[in-house]
Amino acid sequence: MSHSIGHGPDSWAVPVILDDAQDLLGTWQYAERYLGGGTRSYSAFSADMDIPDRYHPQRGSHRFTVPTFVVPPGLGVFLRSRLESAVAGLYRDGDAFLLPVHPATLTHGPLPGRGVLRSGERGPDLLVVPSANARTVFVERMDGTPVDPHFVKLHYPRRLSRFIRYLRQPIISAQLWACEELAAAGLPVLPETAGGVLGTEPDTAWGFLVREIRPRAGSTVGPDSAASGDGDIVARPPHHTVPLFALYGHDVRRPGDPTLMEQLIARSAEDAADWLVRRVVTPMVRLWLSAARQTGCALELHGQNTLFAFDRDGRHTAVLYRDCDVYIDPGIRRARGMNRDLPPANVISRDVHQPPAHMFGLTYDSFMAHHALARLADVAARALGVATHRLHRAAREAFAAYGGPAVPLPDTVFSYQDRLRRDDGWQLRDTGVPPAWRMAAGPRRAS
């Protein structure tokens, strides 16, 4: 069964059971906004969004306009990745570049460079759709003309969940650097290919980041009829893409509908536990370990940054990743003989004053296991009768099979302290709880 609500600029395809003829981008956009019911519960602040209703992913209009401003040479910096991208060229105009600014950011009082924006030249408007995190948007049109769909991640100096979402030059540079490393390793990351900042002092210059909507060819991870085993690299990506939380979240507009996970498993005619192990749990663990071991990057594979791609039969699936604002361990890179200069931010033990094991534990045990897999397991147990211990066992087996003991990890689960700090900073806490989704570190952990 499928439900379609037109295909115009203010209509949506409701993904009850998806047909290839439907608008694939519209499906993704709908999932971002409305298939997250019940999933924003991982902290006391996870559902907080300091954003006007008109730009809110669920309460706002289907689309809104993001203005751009022409930044001439000398007033800002345009940053390019080593990854070639035609989309990135949309924001470069000779020696100048276009700076997209979220409308709510323009109304924020202490905004560096506001006078430059007011006195400068306006660029073309972008027609956008918000993603789940509000400050990253799908771009559909520029100056009224359709463009290759892509994302822009925007500076947003207001609080979304725990943190104020600044986007400054060192972080943009670090994201471009990390994306290059992950792409060079053949991992299924959405390419981040360019960015720009207003200002010339890196600590205060702020701006945007361009992200494509598909990984480069040959970098899709997931079992496939043409692959030799679960989680292999395959060339043909599935048609549909949604954030992982859309698998197990309910539709806030149609709360009585079965979850997307239930629908796809029914379509596949596979055992529910086997489907979840082969198509979600094992590929996620393998992807996290591949990134950590090959690049020193600790991916944040929670329900929002993890993407799930699939075809309508539920049998061709993939796990992808977006948002390269990740922590980087120089120790792993040194051990692998990787001598590239490190980025200006996010380097563990230099910019992040925590041991590598604690940061890797945060991203594996808290972000991936607690924020995503545990919630998926809860829904699978209630809706499909899947025994959670089967998913735990599969994750531990994948952890051992794909080199988990070589990654520095703690014996217990570390998470953020669940409180706000005046400096917008964070502290970790040791929960004292042993990990359920991997083996404890103990003496097998590599030093």
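The values are calculated or read from the model by the stated rules, or taken from the named source; none is laboratory data. Owing to the predicted nature of the structure, the values given are computational and were not obtained by experimental measurement. Backbone-built Cβ (ideal geometry, glycine too); neighbour counts: all protein chains shown. Surface areas here come from the heavy atoms of the whole protein model, side chains and all, with no ligands, DNA or RNA. Shrake-Rupley method; radii C 1.70, N 1.55, O 1.52, S 1.80 Å.
Within the assembled protein chains, the solvent-accessible surface assigned to L342 is about 70 Å², based on a 1.4 Å probe. Carbon-plus-sulfur fraction of the accessible area of region 45-120, 1.4 Å probe, in percent? With neighbouring chains kept in place, the figure for region 45-120 is 51 percent.
Charge tally around A335: other residues with Cβ under 13 Å, Lys/Arg +1 each, Asp/Glu -1 each, net +3. If the chain linking D313 and A401 were pulled fully straight, counting 0.36 nm for each residue of separation and taking away their Cα-Cα distance, it would gain 28.8 nm. Here the chain is scanned for GluC sites (Glu not before Pro) in DSSP loops (not H, G, I, E, B) that have at most 16 other Cβ atoms within 10 Å, and the longest stretch holding none of them is 271-447.
Applying both filters, DSSP loop and at most 13 other Cβ atoms within 10 Å, to the chymotrypsin sites (Phe, Trp or Tyr not before Pro) of region 132-189 gives Y166.
Between rounded, prolate and oblate, where does region 313-372 land on the alpha carbon gyration tensor, with a ≥ b ≥ c its root eigenvalues, rounded for a/c under 1.5, else prolate if a/b exceeds b/c? It is prolate, given that a/c is not under 1.5 and a/b is the larger ratio. Of the trypsin sites (Lys or Arg not before Pro) found in region 329-411, the ones in coil according to DSSP and having at most 12 other Cβ atoms within 10 Å of their Cβ are R336, R340, R350. For volume of the Cα convex hull per residue in Å³, the value computed from the atomic coordinates appears in the list (i) 138; (ii) 126; (iii) 273 under label (i). Counting only protein chain heavy atoms and rolling a 1.4 Å probe, the accessible areas of S349, S81 rank, largest first, as S349, S81.
To the nearest 10, the accessible area of S61 is 60 Å² with a 1.4 Å probe.
Within the accessible area of region 238-353, the carbon and sulfur atoms contribute 43%, probe 1.4 Å, all protein chains present.
Relative to one another, the C-alpha centroids of region 87-113 and region 289-349 are positioned 27 Å apart. Starting from the Cα gyration tensor of region 126-188, take the square roots of the eigenvalues, sort them a ≥ b ≥ c, and report rounded, prolate or oblate (rounded when a/c is under 1.5, otherwise prolate if a/b is larger than b/c, else oblate). Oblate shape, in that a/c is at least 1.5 and b/c is the bigger or equal ratio.
For the chain, C297 stand unpaired, since no other cysteine beta carbon lies under 4.7 Å from theirs. Computed with every protein chain present, the accessible area of T388 is close to 50 Å² [probe 1.4 Å]. Each label was represented as a point 7 Å from its Cα along the Cα-to-Cβ direction; for M338 and R92 these points are 2.5 nm apart.
Net length available on complete extension from H389 to Q417 is 7.3 nm, with 0.36 nm assigned per residue and the Cα-Cα distance removed.
Applied to region 109-122, the Karplus parametrisation 6.51 cos²θ - 1.76 cosθ + 1.60 on θ = phi - 60° returns per-residue 3J(HN,Hα) values of x, x, 9, x, x, 4, x, 5, 5, 5, 8, x, 8, 7 Hz, with x for Gly and Pro. Residues I213, I328 ordered from highest to lowest accessible area at a 1.4 Å probe: I213, I328.
3J(HN,Hα) couplings calculated from phi for region 286-296 with the Karplus curve 6.51 cos²θ - 1.76 cosθ + 1.60 (θ = phi - 60°) are, in sequence order, 5, 5, 4, 5, 4, 5, 5, 6, 8, 10, x Hz; Gly and Pro show x. Calculated mean residue ellipticity at 222 nm for the chain: -6500 deg cm²/dmol, from DSSP H runs with n ≥ 4 weighted as -39500 (n - 2.57), summed, divided by the residue count and rounded to 500.
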